[in-house]
Structures are given as structure tokens and as C-alpha cells.
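The values are calculated or read from the model by the stated rules, or taken from the named source; none is laboratory data. Since the structure is predicted, the reported quantities are computational estimates derived from the model, not experimental observations. Every residue, glycine as well, gets a Cβ built from its backbone with ideal geometry; the counts of neighbours run over all protein chains shown. All accessible areas refer to the heavy atoms of the entire protein, side chains included, with ligands and DNA or RNA removed. Shrake-Rupley method; radii C 1.70, N 1.55, O 1.52, S 1.80 Å.
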Amino acid sequence: MKLLGLDHIAFVVRSIDETVARAGDIADGRAVGERFVSDDIDLQVLLCGESTLELIEVRAAGFGMPKLEDGETAVIGHFGIEVDDLEDTKAELTRRGVVLEGEAETDEVRWIFTAPQTTFGVTLQLMEHKGRGTGA
């Protein structure tokens with residue numbers, strides 16, 4: 001298991017549109033890629049300098065995306081960590097007692113989330129970018 005580094009930080013926000021506008025005004029942040037909308041979440045990637053942020057509006061909590069409580073405007077949802085080989089990472093973390101959930105993939109990346117109670121109270125999204133690591 002080799003951790004390659006931080007891929008992104010995901011923030012659960014009340015309004016993606018308002019957050020993108022403020023990030024542009026404050027930190028020269030800009031939306032990149034297509035916005036992803038499903039029944040449970042609305043997600044937009046934001047680039048601030050060389051840092052990638054995920055902004056997520058949550059309609060149903062799960063897999064590193066807590067629903068905002070009354071009065072909260074944003075919380076950290078999860079940290080995306082790039083790994084060289086997702087299968088090796090899953091095997092090693094399972095051996096260490098980490099609970100894994102929510103595995104999925106796109107044409108570019110495979111990922112799985114950790115249950116926060118087994119990873120020091122923070123959800124991790126472990127990601128293998130296809131063609132960059134040693135795995136599949």
C-alpha cells in the first residue's frame with residue numbers, strides 16, 4: 001500500500017452556486033468539469049490555484065458526505081487520497097481493521113470510502129487514477 005498524496009478535499013456546502021461565486025471572489029477559485037447531479041447529491045469540482053476541492057450539496061447523507069445540521073454552512077465531508085494500487089490498499093486496510101464502503105469507478109478513477117469511525121473520525125476516499133498507478 002502506497003499513499004501518493006492528497007487528491008482533493010470535499011466540503012459539504014449549503015449552496016454550490018453561492019460557494020463557487022464566493023470562492024471566485026475570494027480565492028480566484030473556479031468551477032471545472034461538469035457538475036454531477038443525482039437524487040442524493042449535487043457535486044462540483046472547484047480549482048483554487050493548484051488545489052482541487054469538491055463542493056457537495058447533500059440531500060441524503062452517506063459515504064463521506066454528512067448532511068448539514070441547522071445553522072451549519074459548510075463542513076469537511078472527506079479527504080481524497082491517491083493510492084498507487086487500490087486492491088493492495090483495500091487488502092492492507094482491511095487487515096488493519098478499517099471498514100470500507102461505497103466502492104465505485106469511472107473511466108478515469110476507481111475509489112472506495114472508509115467508515116470514519118475506523119479512520120480516526122474522518123472519512124477517506126481512497127482513489128486509484130487509471131493509468132497512473134501500478135494497479136488495474
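Which one of THR89, THR106, ALA27 is farthest out on the positive end of the charge dipole of the chain, using unit charges on Cβ (Lys, Arg +1; Asp, Glu -1) and the Cα centre as origin? Final value for the positive-end residue is THR89. Each helix, a run of at least 4 DSSP H residues, gives -39500 (n - 2.57); summed and divided by the residues of the chain, these come to -5000 deg cm²/dmol at 222 nm.
Over 23 Å between C-alpha atoms is what I'm after, so list which of LYS2/LYS90; LYS2/LYS67; LYS67/LYS130 land there. Exceeds cut-off: LYS2/LYS67; LYS67/LYS130. Around the amide H of VAL109, modelled in the peptide plane, lie the amide H atoms of LYS130, all under 5 Å away and 5 or more residues distant in sequence or on another chain. The value given for the chain is a Kirkwood hydrodynamic radius of 15.5 Å, derived from the mean inverse Cα-Cα separation. Rolling a 1.4 angstrom probe over the chain with all protein chains present gives an accessible area of which 51% lies on carbon and sulfur atoms.
To the nearest ten degrees, helix 16-27 and the longest principal axis of the Cα atoms of the chain are 90 degrees apart. The charge dipole of the chain, taken about its Cα centre with unit charges on the Cβ of Lys, Arg, Asp and Glu (plus for the first two, minus for the last two), comes to roughly 320 debye.
Gyration tensor over the Cα atoms of the range 59-107: the corresponding equivalent ellipsoid has semi-axes (square roots of 5 times the eigenvalues, largest first) of 27, 13, 10 Å.
Comparing VAL37, VAL58, VAL13 in a Gaussian network model of the chain (Cα springs below 10 Å), the most mobile by mean-square fluctuation is VAL37.
Charge tally around ASP17: other residues with Cβ under 11 Å, Lys/Arg +1 each, Asp/Glu -1 each, net 0.
Among ASP88, ASP70, ASP17, the residue with the largest mean-square fluctuation in a Gaussian network model of the chain, with springs joining Cα atoms closer than 10 Å, is ASP70. A 1.4 Å probe run over the chain, with the rest of the protein chains in place, finds 57 Å² accessible per residue. The angle between the Cα long axis of helix 86-95 and the longest principal axis of the Cα atoms of the chain comes to about 70 degrees, rounded to the nearest 10.
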